[in-house]
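Encoded as structure tokens, the structure appears first; notes follow it.
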Amino acid sequence: MSVFQQTLFAQNMLSVEQAIAATIENNYDIRLLRNDSSSYALDQSYARAAFLPRVNATTGLVFNNNNQKQEFSDGTKRQSNGIRSNNINASVQLNWTVFDGFKMFATRDKLAQFVQLGELNIKNQIVNSVAAVINNYYNIIRQKQQLKAIEEQMSINEERVKLAEKKLSVGLGAKPDLLQGKVDLNAQKAARLKQQTLIEQLKEQLNQLMNVEMNTRYEVSDSIIFRNDIILGDIMGAVESTNPQLLLTKKNIDIGKLTLKERKADLYPVVSINSAYNYSKTDNKTVVNPFTPLFSRNNGFNYGIGITIPILNGFNVKRQIKQAQLDIDWLNISYQNQKATIDLGITNAYKDYELQKKTLALEEENILLAKENVYISLERLRLGITTYLELRETQKSLELAYDRLIAARYNTKLAETELLRLKGDLLK
């Protein structure tokens with residue numbers, strides 16, 4: 001059992017901050033991207049190896065057992081079987097590229113950019129996962145509020161049934177009123193069961209996002225909290241430096257420019273220093289030719305410089321340079337498209353945010369009016385100066401008022417979360 005789950009079982013209450021923390025720590029998508037980022041960091045830690053020489057050692061030992069037959073121009077013939085010899089070879093070679101058109105520098109910088117790209121990928125996934133958790137968490141609260149509204153309607157219907165039974169028992173009521181009251185009450189009971197199931201399903205979705213065990217039990221808050229410091233100008237002015245998706249595209253543009261440098265480096269000569277130490281020993285047990293040595297050893301050091309000059313390779317380098325430039329152009333266009341899409345998303349989300357806040361203020365007023373209207377209708381019914389039909393109409397108005405109010409609360413939070421997601425500000 002994780003520490004997070006132990007805490008849940010101990011207090012049986014999950015805050016949105018705890019849900020976010022668990023998601024950042026455990027979510028599968030985030031963990032996979034962390035693994036990719038670690039891979040980039042590992043490659044970058046070995047980036048300086050591109051500037052180092054390559055050193056290789058080889059060795060070999062060969063035993064020979066041959067039959068030889070030789071004929072010379074003067075008619076002399078020599079022949080022998082079972083001629084044995086052994087040969088030992090060893091070599092240590094060094095190759096050091098000292099100039100390659102600065103390609104090694106571009107590759108080093110490119111690896112560093114990949115590390116930053118990995119970090120941005122993690123941030124982008126965290127922002128999206130946190131947004132999903134927040135929406136899911138507050139959707140549970142929304143459905144809890146809906147459940148509370150249903151139970152409030154149930155209490156009114158229970159009171160209706162009691163009044164109908166009482167009036168029917170003294171001969172002042174009609175049985176259809178009692179039957180309709182029970183039908184409405186049963187409908188509310190069915191709605192409550194459905195609502196309770198929906199809440200449990202949403203909790204399982206939240207468990208999956210947090211990557212905790214299924215059927216982990218907890219309660220969530222009862223109210224939706226809103227931020228009051230969101231200003232459209234602040235979001236629009238900072239989006240290019242805070243939106244993870246735009247930052248990712250910018251980073252890919254930087255990587256593309258370094259790839260272009262690598263391609264252009266292939267136009268330059270490659271200068272390398274070569275050196276080797278060689279050792280060779282041959283030991284012949286017997287020879288047919290008297291001029292063949294019985295023992296031979298050769299060892300020594302050699303060095304030099306090598307220059308590879310590209311002259312013609314089917315215009316492949318030229319093609320790769322053009323392709324790298326086209327990739328950069330594509331990324332620039334993609335960036336502008338993303339920027340326009342995100343700007344539009346922010347504008348629409350902010351308009352929706354303002355609309356929902358105004359709607360919420362109206363619905364907060366409406367719910368008070370609807371509750372008072374139901375209370376008056378219920379009291380009038382007790383006094384016998386109204387009908388069940390009138391009470392049902394006021395109940396329906398209260399039900400619709402609750403639906404609009406709860407939806408306005410949740411939609412306001414959705415718009416707020418979307419604004420902060422587009423800004424990349426959900427982690428603060």
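The values are calculated or read from the model by the stated rules, or taken from the named source; none is laboratory data. Not measured: the values here are computed from a predicted model. With ideal geometry, Cβ positions are generated from the backbone for all residues, glycine too; neighbour counts draw on all protein chains shown.
All of 162, 148, 175, 123 fail the test of being in the same structural domain as residue 402 (by TED's automatic domain parsing), closer than 23 Å to residue 225 by Cα, among the basic types (Lys, Arg) and surrounded by fewer than 20 Cβ atoms within 10 Å (Cβ to Cβ), apart from 148. Residue 293 versus (1) within 28 Å of residue 96 (Cβ to Cβ); (2) assigned to a loop (DSSP other than H, G, I, E, B): which is the lone unmet condition? So the condition that residue 293 fails would be (1).
Residues are listed down the side, and each one gets a yes or a no for (1) part of a helix (DSSP H, G or I); (2) aromatic (Phe, Trp, Tyr); (3) loosely packed, with under 13 Cβ neighbours inside 10 Å:
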{"site": "305", "(1), (2), (3)": "no, no, yes"}
{"site": "317", "(1), (2), (3)": "yes, no, no"}
{"site": "326", "(1), (2), (3)": "yes, no, yes"}
{"site": "341", "(1), (2), (3)": "yes, no, yes"}
{"site": "349", "(1), (2), (3)": "yes, no, no"}
{"site": "368", "(1), (2), (3)": "yes, no, yes"}
{"site": "377", "(1), (2), (3)": "yes, no, no"}
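Taking residue 354, is it of a type outside the set (Lys, Arg), at pLDDT below 95 and either surrounded by fewer than 13 Cβ atoms within 10 Å (Cβ to Cβ) or outside any helix (DSSP H, G or I) (or both)? No: the conditions fail for residue 354.
When residues in region 8-21 are screened for being touching a Leu at 6+ places or on another chain (Cβ under 9 Å) and modelled with pLDDT under 80, 1 of them pass. Of all residues in region 306-320, those that are closer than 23 Å to residue 272 by Cβ have Cβ atoms under 6 Å from Cβ atoms of residues that are among the polar types (S, T, N, Q) and in a strand (DSSP E or B), 6 or more apart or on another chain, in 306/272; 306/274.
When you check residue 41 against the structure, is it hydrophobic (A, V, I, L, M, F, W, C) and loosely packed, with under 13 Cβ neighbours inside 10 Å, yes or no? So residue 41 fails the test.
To keep it simple, each residue is scored yes or no on (1) charged (D, E, K, R); (2) touching an Asp or Glu at 6+ places or on another chain (Cβ under 7 Å); (3) surrounded by 13 or more Cβ atoms within 10 Å (Cβ to Cβ).
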site	(1), (2), (3)
185	no, yes, yes
190	no, no, no
238	no, no, yes
245	no, no, yes
248	no, no, yes
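Filtered by the rule that a residue be modelled with pLDDT of 90 or more, exposed (fewer than 15 other Cβ atoms within 10 Å of the Cβ) and touching a Lys or Arg at 6+ places or on another chain (Cβ under 6 Å), region 255-294 gives no residues. Restricting attention to region 47-104, the residues that are without any contact (Cβ under 8 Å) to a residue 60 or more places away in the chain, surrounded by 13 or more Cβ atoms within 10 Å (Cβ to Cβ) and part of a strand (DSSP E or B) total 0.
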